[in-house]
Structure formats: structure tokens, C-alpha cells
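This report refers to the structure that appears directly beneath it.
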Amino acid sequence: MIKYKGVVGMKNYEKYERAYFMPPEACYDWVKKDYIDHPPVWCSVDLRDGNQALIEPMSLEEKVEFFKLLVKVGFKEIEVGFPAASETEFRFMRTLIEENLIPDDVTVQVLTQAREHIIKRTFEAVKGAPHAVIHVYNSTSVAQREQVFRKDKEQVKQIAIDGAKLLKQLADETDGNFTFEYSPESFPGTEVDYALEVCNAVLDIWKPTEEKKAIINLPTTVENAMPHVFASQVEYFHKHLLYRKNVILSLHPHNDRGTGISDAELGVLAGADRIEGTLFGNGERTGNVDIITLAMNMFSHGVDPKLDFSDMHEICEIYERLTRMEVSPRQPYAGELVFTAFSGSHQDAIAKGMTWREEKACEKWTVPYLPIDPQDVGRTYDSDVIRINSQSGKGGVNYILKQNFGISLPEKMKEEVGYLVKDVSDKAHKELSPEWVYHIFEDHYINAKPVFTIEECHFTQNDGIVAEATITHAGEQRTITGVGNGRLDAVSNALKHYFDINYELAVYEEHSLTKGSSSKAVAYVGIGSGEENCWGVGVDADIIKASIAALEVAVNKMESVRAMNGGKDKRLLEITNYIYANYKTVTLDDLAEQFFLSKPYLSKYIKEKSGMTFGDILKKVRMKKARAMLKSSNATVESIAESVGYQNVEHFNRIFKKMYEMTPVQYRNQK
């Protein structure tokens, strides 16, 4: 046992003691049940218990609107007020009856104390109702008997008996179809056997039948015990009530200890047939039991609760507007944040769970961290489930981009994008909307072209694909040329040649966009050079243009390219483009003739401007082409050597091995 040395706890705890009563016999059969297999009868008490707890009670018009909401949700029993308490309550009851607002399958309920003049006024209010429950109560607890009424047990029981008799008498004299309900108020502070004695005395007056049942309602007026205690008390009643088959055993849990839901659920396991509660748990002090949570708990176990909360947003909006109360962001099933994951690991698990569900065409809901499908209560995956802040990870960011914008990132790209977005949120100290996330992604991976842009590309077939691209670099337009085994490879080689850089095309992925225009495609390009990895994304109706745009962004991100402030020498570019286009047969004589320069001047010019001789440049171009052919074709080394301008295969082999430290065959066979 832990010793709290030197710790000063709260004072005055010694003045409290347990004020509940256990049943006179052990009642634990409810423990053998592990779930609720059918819903109880639901009775909303929003318009009475909930309304009386509001700082500003609802007006007549507001109560009518709330009543219509409860009917729409599916409540078949609705406690509408305490008609004898005020003129507004009385007029509301009369309005429902006289304006024919009560559907045939809905029963209204009214509350009354077990006092003659109050009961009479109540019957005046319900006259003409198609069906009404008259709910009478008196307090039975030790504290109320001793301190408030100063009456003994027999005298308090007589109050209940007299009220039951008067109810029966006035019902016979009043037009309408009535059911009787009795509550031993302050039940948690009442001896359980005495509460049963009072309830049975009331039932002996009413003598309920199968056709005309009575309701015994056990309220946790002030919750004072753990839920298992209440369940045992309910089971005792369930076993010992007179006329049990003709009695509806009802519960009215409050939430003073924060366990109203558990009281209700365990109470149903213990034998209760009916639950009185409110939407979102509104009520005196800490509130009543929340029927939404109770019903949705059953729903999450595959049990139809017989209430419809599929448009939770509308229910929340009407509730907040009429009651002037707020639905907590953490309110189960209904709050703004209850399905939201900010944590990176949670987002990743949810995203993978959703993918699994889609891949496996799952019928049952098993997604991690989500007890129900948010869509079942009118929520959306893209804006309600995964939201982005500084705690988010790659899975969440990827999910937002995919769900909202159709962007499905390559696996190797997700981490970089995730950290980028997370860093923006961290520095801004804000949650990022999906639109903001996409804006960050667009700025860094679609529009990031600070050094150069590719204006247009033209392709020809000549012993491979030849690309002629027009780029804007350092304020000037240049034409660059490259040869490759495909269009993207040819443009890539042109950029390598122009910027004198080297990299590997490490990742290429493409897919059609699943959001927005279905005719567009998105391409992802990842390039690697040593420890440096750069990503670019292109979006276009033409997949070739999309892939080139993605490459364009990726190359723009390379440190060596970003360091180039000025443009490349225009004449040297023209010279090297000519070499690139005619690498098989070009000679220094050809170049001198083409550019109207002497051979010595041309040779010196190339060396000064590029740092390489004409022969070195030609060799580099030929070897790049050869390397591409070795990987992409089954041609023999001899034919490849001839294709790139070498008639002597042994000479070709020596040059290749010197440049790449392996023979052409070894290069082809490496993985």
C-alpha cells in the first residue's frame, strides 16, 4: 500500500458517510449478462426535467418545436411538463391537445406531486389527450422524512397511498386514456425494502392488469452510490414487485457522481424495462442520463435502439438554439471532436483501418479508434475524423489529401509531407484546415519552380526518344535537348545535361484524381542524388505533361540547381545541344562548320566554358545513352556500342569500365 508521507489531503472528508442502502438480500444475477440485447422503452423528460433546469426556460413556441424534434427522433413517450406548476406549463399541455400535435403512437406524460389540488389541476390539463401518463411522486428518503416532512414511515407511505387513490378517482372522472406512474423520490437515500413496501402499496390501489399496466419509476434523484449498488437495488425490485408482469419498471438516473449511463445500463441488465432521460443529459445540477449516449452505445453493439440520431448536427443545432445550452465538444457521439484524431499514431491507424475496410469490403465496422462509423450520425471522414495540428503525422496528412483532394502520396513521400505540414501547424500554433493543408502541399510540391520553368516540350523518335524542351532560366528562354528511352527520361537527361547535374529517378507513380475533374491525372516524381532526395508533383489532363511538371519541381529543389544564380552560356548550350542530338557521328570538324568557328578556338572555348574537352562531353553523352540502353533493352553489347557511335566494342568496354568501374555486362546484371 502506498504511503503518502507529508501529503495534505482535502479537509472535512470525515463528515461524510455512505448514505445508500443495500437490498436485504444479495441481488447479483445481472452480473451474468454482458450486454443489452434490446432497447428499453424510452421516455424523454427534456420538456420537464430538462426545461426546469435551464437558466431561461423555453417559451411555449420553443417547447412546441422541441416536442416536434423529439417526435422526429422517434420518442414514443414524452414527459411534457408539470402542468400545475405554472400557467406556461398548463397552456403548453393544452396547446398540444387542442392543436392536435400529439401523434397517435405518442404518449405524453405529466408530473404531479401526491397532493389533491395539484393532482386535480393536472387532470384539467390533460383532459382530451389521446393517451397520457400521470406521474405522481412523493419523497421517501430518510433525510426527507426526518428533516423536511418530519413524518414517520407509515405517514409517508400514506401520502403515496392517498395520491394513488386520488389519481384513480380523477382518472375515472376525466375524459382520456391514462396510465399511472409512481416514483419514490430520493430513492437512493431510502431503505430499499421500505421503498418496495411503498411502491407495492401504491400498486395495490391501482391493481394493474395486462391491458392497463402501471409504471413504477426508480429515480436516482441524487446519485450517491456506485452503479453496481443501484443495479442490485433494481434487481431486488424486479424480483419482489407485486403484479410484476403488469408493471413497467422504469429508471430515472441522474448524474451526480458521473455514472448516470452506467446506472441506466446496469439497471436494464437488472430488469428495468424503461428509461427516463434527456438529450445530452440536460437536467438539474449535473444533469439526467443522456439518452443519446445510451441509445448509441446499444447501436455500437449492433442493437437497434429504435431512435434515430442519423442527423446529429441538426439535433445539436436545434437543442443549442432552444435551450441556450452548449453541446460539449467531447459529448459522446455528438460533440464536435468525438471522432477527431489529432495524434499522428491514431491518424495513421484510422487511415490504415479505412483502407483495410475498403480493400476487404468489410460489412462489420472494426476501424481502430472509432467506436462507430461517423457517417451513421451524419459526420464526414474528411472534416470530422482526421484533423491536422502539430501532433499530427504522415498518415493523417495523407488521409486529408486523399479524402478531400484525391491526392494519394507515394509511401516514401508521406513522411516528408507529414513533417512539412506538422511544422507549419507547430509554428502557427493553429489547427490546419484541409484547404490549408492542400495549400501547403501545392506551394511546396506543385508550384515550387524558383530556378527554372519548362515552357514546352517536343519529342521525336530517333534511335530513342529525343526531347527538345524550352526552359526559362535566369530571365532568358533556352532550348535544351536530351535523349532517353522514354519521354520523361529524355527530358530528365536534357535537364541533367543543361545543369550539369546527376541524379537517379528513384520513384515514379501516377493515378487519376478521385476528386474534382475525373479527366485529370497526377504524377509523382522522386529523384535522388547521394543523400539528397527531392519530390515534385504534377497535375494535368495529359499524363506526360503531369510527369514532366513533377520532374520540373523535383529538379528545381536540388541544392546544386538552386545555387545557380545565372544562366548557362547561350553559345555553349547550343553547342552541347548539338552534340547531344548528333552524338553518334558528331566530330569537332562538324561543330566548327556548324557554328562557323575554327577548330582551335572552338576547342578552347568548350574547355573554358564547361571545364571539359569536346571528347569528354561526347564520351559522357554516349555513355549515358549506352547505360540507358543496357537497362531498357535486350540488345547485345556490340550493337549498343555501335548504336552510340563506337565501331570497336573493346574500346567501348574500356571506356565504360573506366567511367563506371564495371563492365557493361556487369552494369546490366546488377539489381
Exercise. Which one of Pro371, Ile400, Ile440 is farthest out on the positive end of the charge dipole of region 364-461, using unit charges on Cβ (Lys, Arg +1; Asp, Glu -1) and the Cα centre as origin?
Worked result: Pro371
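Of the heavy-atom accessible surface of region 167-256 (probe 1.4 angstrom), what whole percent is carbon and sulfur?
Details: 1550 of 3140 Å².
So the carbon and sulfur contribution to the accessible surface is 49 percent.
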For this session: Can you find, among Val466, Ile544, Ser529, the residue farthest towards the positive end of the dipole of region 452-546? Put +1 on the C-beta of Lys and Arg, -1 on that of Asp and Glu.
Result: Ile544
Exercise. Given 10 Å bins starting at zero, what is the percent of C-alpha pairs of region 515-671 in each, up to the one with the largest pair distance?
Worked result: 9, 25, 31, 27, 7, 1, 0
For this session: Identify the residues of region 582-608 with backbone N under 11 Å of a label point that sits 7 angstrom from the Cα of Asp569 along the Cα-to-Cβ direction, or state none.
Result: 602-608
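For Asp162 and Lys72 in one chain, what is 0.36 nm times their gap in residues minus the Cα-Cα distance, to one decimal in nm? Present the calculation step by step, with values, prior to reporting the outcome.
On the way: separation 90, 0.36 × 90 = 32.40 nm, distance 3.77 nm.
Extending this stretch completely gives an extra 28.6 nm.
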Problem set entry | Solvent exposure of region 251-384 as accessible area per residue, Å², 1.4 Å probe | 44 Å²
Exercise. In debye to the nearest 20, how big a dipole does the chain give about its Cα centre with +1 on each Lys and Arg Cβ and -1 on each Asp and Glu Cβ?
Worked result: 2840 debye
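Go through His429, His444 and list them by solvent-accessible area, largest first, probe radius 1.4 Å. Intermediate values should be presented prior to the final figure.
Working: His429 160, His444 80 Å².
Putting His429, His444 in descending order of accessible area: His429, His444.
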Problem set entry | Approximate spin-label separation Thr585-Lys32, in nm, with each point projected 7 Å along Cα-to-Cβ | 9.9 nm
Problem set entry | Point-to-point label distance, Glu559-Asp373, nm (Cα→Cβ direction, 7 Å offset) | 5.0 nm
For this session: Could you work out the local net charge near Arg94, counting Lys and Arg as +1, Asp and Glu as -1, over the other residues with Cβ closer than 15 Å to its Cβ?
Result: -3
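So what is the accessible area of region 433-490 per residue, in Å², with the probe set to 1.4 Å?
With all protein chains present, region 433-490 gives 47 Å² per residue.
Quick one: ranking His117, His135 by accessible area, 1.4 Å probe, largest first, what do you get?
On the way: His117 115, His135 5 Å².
If we order His117, His135 from most to least accessible, we get His117, His135.
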For this session: Return the carbon/sulfur percentage of the accessible area of region 550-671, one whole number, probe 1.4 Å, all protein chains in place.
Result: 49 percent
For this session: Kindly state, to the nearest 0.05, the FRET efficiency for Glu435 paired with Tyr13, given R0 = 45 Å and r defined as their beta-carbon distance.
Result: 0.25
Problem set entry | Met659, Met10, ranked by accessible area, largest first (probe 1.4 Å) | Met10, Met659
For this session: May I ask which residue of Val64, Thr587, Phe299 lies farthest towards the positive end of the charge dipole of the chain, with charges of +1 (Lys, Arg) and -1 (Asp, Glu) on Cβ and the Cα centre as origin?
Result: Thr587
Problem set entry | region 219-332 - percent relative contact order, Cα under 8 Å, separation 6 or more | 21 percent
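Mean Kyte-Doolittle of at least -1.0 and a Cα length of 30 Å or more along the axis: which whole DSSP H helices of the chain meet both? Write down the numbers at each step before the final one.
On the way: long enough: 153-173 (31 Å, -0.50).
Helices passing the filter in the chain: 153-173.
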Exercise. When the dipole is taken about the Cα centre of region 1-103, and only Lys, Arg (+1) and Asp, Glu (-1) are charged at their Cβ, what size is it in debye, to the nearest 20?
Worked result: 700 debye
Problem set entry | Full-extension gain in nm, Lys599 to Thr366, via 0.36 nm per residue minus C-alpha separation | 76.3 nm
Seminar exercise, completed: Candidate cut points under trypsin sites (Lys or Arg not before Pro) in region 183-267, DSSP loop plus at most 12 other Cβ atoms within 10 Å of their own Cβ, are none
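For a Förster distance of 22 Å, can you work out the FRET efficiency between the beta-carbons of Ala635 and Asp500, rounded to the nearest 0.05?
Numbers: r = 28 Å, r/R0 = 1.29.
Calculated value: 0.20.
Rounded to the nearest percent, how much of the accessible area of region 415-479 (1.4 Å probe, protein heavy atoms only) is carbon and sulfur? Spell out each step's value before the answer.
Numbers: 1630 of 3570 Å².
Percent of accessible area from carbon and sulfur atoms in region 415-479: 46.
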Problem set entry | Distance in nm between pseudo-label sites at Ala201 and Asn669 (7 Å out along the Cβ direction from Cα) | 10.3 nm
Exercise. With charges set only on the Cβ (+1 for Lys and Arg, -1 for Asp and Glu), what does the dipole of region 421-555 come to about its Cα centre, in debye to the nearest 20?
Worked result: 220 debye
Exercise. Based on the Cα coordinates of the chain, what is the per residue volume of their convex hull in Å³?
Worked result: 248 Å³
Exercise. Roughly speaking, what is the stretch gain from Glu456 to Glu532, that is 0.36 nm per residue apart minus the C-alpha to C-alpha distance, in nm to one decimal?
Worked result: 24.6 nm
Problem set entry | Per residue convex hull volume, Cα atoms of region 9-95, in Å³ | 255 Å³
Exercise. Can you give the Kirkwood hydrodynamic radius of region 297-362 from its Cα pairs, in Å with one decimal?
Worked result: 14.4 Å
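The values are calculated or read from the model by the stated rules, or taken from the named source; none is laboratory data. Keep in mind the model is a prediction, meaning the values are calculated, not measured. Glycine gets a Cβ as well: all are built from the backbone with ideal geometry, and neighbour counts include every protein chain shown. Note: areas computed on protein heavy atoms with side chains; ligands, DNA, RNA excluded. Shrake-Rupley method; radii C 1.70, N 1.55, O 1.52, S 1.80 Å.
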